[in-house]
Each structure stands twice: as C-alpha cells, then as structure tokens.
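Chemist: So that we are looking at the same thing, I have put the structure below in structure tokens.
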Amino acid sequence: MINTIFCSERPNIVFIIADDLGWGDVSFHGSQQAQTPNIDLLASTGIILNNYYTSPLCSPSRSAILTGYHPIHTGTQHDVFQGAQPFGTPLQYKLLPQYLKELGYETHAVGKWHQGFHRREYLPTRRGFDSHFGYWTGQSDYYDRTSAENWWALDFRNGELPANTTEYEGRYATDIYTERAVDIIRERANSSSKPLFLYLSHQSVHSASRRQPLQAPQDLIDRHRDVQDLDRRTFVGMVSALDDSVGEVMAALKMADILNNTIIVFTTDNGGSTRGTAPGSSIDYSVGSNWPLRGSKCTLFEGGIRGVGLIWSPLLNSTYISEHLMHLTDWLPTLYRAVGGQPKALGPIDGIDMWDILINNLDNPRKHLLHNIDPIMGVWALRYGYYKLISGTVYKGNFDGWYLPPGESN
C-alpha cells in the first residue's frame, strides 16, 4: 500500500476530454471551417501526438484513460454504457484519481462521467473524485439537461444529488462546465495547498439527441456564416465553444499563478461522428470530420480511432510533433510518473509510461498496438509498425469511406 504523500510542489494536472471531436475538426490539422486558436496554441507550444489512438467509442475510451487497462481486459470494449444498463467499469479496477489522491492530490471531475451509475459505488465521488458536477450518462441536451438513453429524463448532477436546474436554466452546457472548472481553479488557488487534478470531460461536440442533435449559441453559429451547410455551421459553432473553454481554463490557471506548474492534456475520446455513404446517413445525426482519415466514430479505421491529442506544460523539454505510437491507456502511468509516482505500483496495467519518452523525444518501446477485439460486432484491428490488419465492419460498411465535411474542399 502506498502511503499518502502531501506535497504542494507536485505539478497540477488538467485533463480535458472532448467528446467526438474528429481529426478534421481542429484548425491545426488543416480544417478550413473549424477555427480552434486556443487548442492550436497549446498544440504549437506543446507536444502534438500525431500517432495517438483511442477506442472507437466513448465509454471504452474513458475506461482506458482512468484504469490504464485495455477495454478488452475490463469487459468494456463492445459498446457504450446505456442509461438503463446495470453495468460500468468494474469496481476491481482502481482509477487514476484514486492513485493521485494517494499522492496528496485534490481531485475534481466536471462534465461527462459515462462509467456506470447503477449503484452508488460506481459514482465518480465513490471512485476517487472529491467532487463531480455534470451528468452520468452518455449524452445530454445542451440547454435543458435531459438525456435520452433508453428513457427520457433529467441528468444533471452536483455530487450525488440532482443539481439546481433553475440556477442554470437556458444556459449552454459547455459554458456551465467551463465556469465550474474555472471556479475550482480559482477556489483552490486561495484555499488549498494540495496539487490539483481537474478532469474536465466536456459534452462538446457530441450531438444532443435525435430531437435536436446539434446545438450552439447563436453568436457562435454566426461566427461561421461562410459555412453554407446549416448543420455543419452549427457544429463548428460547437467546436468554437469548446475552443473558447480551453482559452478560459488557461486564463484561469494563469490568473491563479499555477500555470507554470501544470500539465495539460487535451484529447478526444474517439473519432468524429460523420455523415456516411448511404443518403441521409450519419452517426448520431452529427456532421463531424475525420478528413483525410478514413471512417467514422464506431469504426476501426483511422478516422474512428486516431485521436486529436496533445500534451502541454512548461515542464516539457521541447515542443515538437510526436510520431510515438501511443494509446489512451498510457495516460495513467505517464501522468503518475510525471508527478513523482512509481509506475510499478500500478500493477499489470496495459499502459506504458511515456513521460521520459515524450519530454526527451526518445525511442518508443511500443511497436504494436491492439485497437480492439469485439466478438459481438465481429470486428478487430491490430497495428504493428507501419502495418495495420483489420477485419470486419460495422453498420454494413456505411461509414467506412472518406468523408469531407459539407462545403469543405480537398
């Protein structure tokens, strides 16, 4: 058992997850429509992860981040956790915030959980987080906080209790979660000597529901009048809200005078939800972009699993575009090592400690990577060196092509 270490000199960690942000939905990857100046700034002054992989869906990806185990080893590899499903990331797996608390960290989660809530033991506040403000399911309306997963109900939580919806009535979810994250940074700067772990799991840019899938404030939609397709214009407005949030969090860290001792991770949970080959088809009624990568969210082609990712910190020795083969499972041992933990204490996890490799641009010990094995869908994929072997398809192959977003040219 690791003794609790209380040390204010350990770096703060701000871990930002975007939901369904595609490879082609950020301007530092060449998008002509989505402008992401704040994310681009982090990328250009940090380490861009150019060979970085996620799972094809959000629950497995979050499980991999938090446990360090590949989803095939936690039984979470097949699908997302549905709202009425009595299942979640199994309790025998210790999560990242639990490890960090043993190193003296204050831990807070904001936004999407999606790791199970059918019993209290599965709630974020029972699995290492001092607080959670957000929602437990996989999607939510950006304005009224309702969720439509097997049922239609309100899903808006403050800790283990329903949040006060009246206080936030009519406000956009991305703004609400950003405000909470900024408040946490400001409050702990004045009242806590503990290092901070902030897990900001954004709702953006996941679609809201079949009723009204794409939602953004009108002023952000109006920023992009040059985008002719109305759905895509709304979507890039959602991307702008996400990017504005990153800028506000950075400003708060600077104002609190802790930016210089902070590690920031920005990652998507999977590829973008795109339109498909069949007329009128789309994943989650969305119009994300993975161009020029092939496929959509849910597939094991590059567009479904090659993720937007970066790490930023004044603690880095250099800034560059990394071609190191990296996986979501690597975040737990990498961050644990970065803040002074010993990765051997994490047990037989699947993730690799990449901290020294990344900050010093060393040779990577990982030469191969299992993307997934899903016996229910009948799909699997494996990467070895510069080769990839893939078998099977999903949704009758309707999302296996290359899809430019509406109005964008090659």
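The values are calculated or read from the model by the stated rules, or taken from the named source; none is laboratory data. Not measured: the values here are computed from a predicted model. Virtual Cβ from ideal backbone geometry, glycine too; neighbours counted across all protein chains shown. Each accessible area value is taken on the protein alone, full model and side chains, heavy atoms only, with ligands, DNA and RNA left out. Shrake-Rupley method; radii C 1.70, N 1.55, O 1.52, S 1.80 Å.
Chemist: Pairs of lysine in the stretch 12-397 with Cα under 16 Å and at least 8 positions apart or on different chains: total?
Modeler: Lysine pairs meeting both conditions in the stretch 12-397 amount to 4.
Chemist: Along the three principal axes, how long is the stretch 12-397 when you take its alpha carbons, biggest first, rounded to the nearest angstrom?
Modeler: 52, 52, 42
Chemist: Okay, moving on. Between GLN212 and LEU389, what is the spin-label point distance in nm, taking each point 7 Å from the Cα along the Cα→C-beta axis?
Modeler: 4.9 nm
Chemist: Count charges around HIS114 for me, please; just the other residues with Cβ under 11 Å from its Cβ, Lys/Arg as +1, Asp/Glu as -1. Spell out each step's value before the answer.
Modeler: Numbers: positive: ARG62, LYS112; negative: ASP19, GLU149, ASP155, ASP269.
So the surrounding residues net to -2.
Chemist: Just to confirm, what accessible area per residue do you get for the stretch 12-397 at 1.4 Å probe, in whole Å²?
Modeler: 37 Å²
Chemist: Return the percentage of antiparallel bridges among DSSP beta bridges fully within the chain, rounded to the nearest 5 %.
Modeler: 50 percent
Chemist: Considering only protein heavy atoms and a 1.4 Å probe, what is the carbon-and-sulfur percentage of the accessible area of the chain?
Modeler: 51 percent
Chemist: When the dipole is taken about the Cα centre of the chain, and only Lys, Arg (+1) and Asp, Glu (-1) are charged at their Cβ, what size is it in debye, to the nearest 20? Write out the running numbers ahead of the final one.
Modeler: On the way: 34 positive and 42 negative charges, 178 e Å.
In debye, rounded to 20, the chain gives about 860.
Chemist: Going through the stretch 202-288, which trypsin sites (Lys or Arg not before Pro) have at most 10 other Cβ atoms within 10 Å and a DSSP loop state? Numbers along the way, then the final one.
Modeler: Values: sites: ARG210, ARG211, ARG223, ARG225, ARG232, ARG233, LYS254, ARG275; in loops: ARG210, ARG211, ARG223, ARG225.
Loop-located and lightly packed - ARG210, ARG211, ARG225.
Chemist: List, largest first, the extents of the alpha carbons of the stretch 153-214 along their principal axes, each in whole Å.
Modeler: 46, 23, 19
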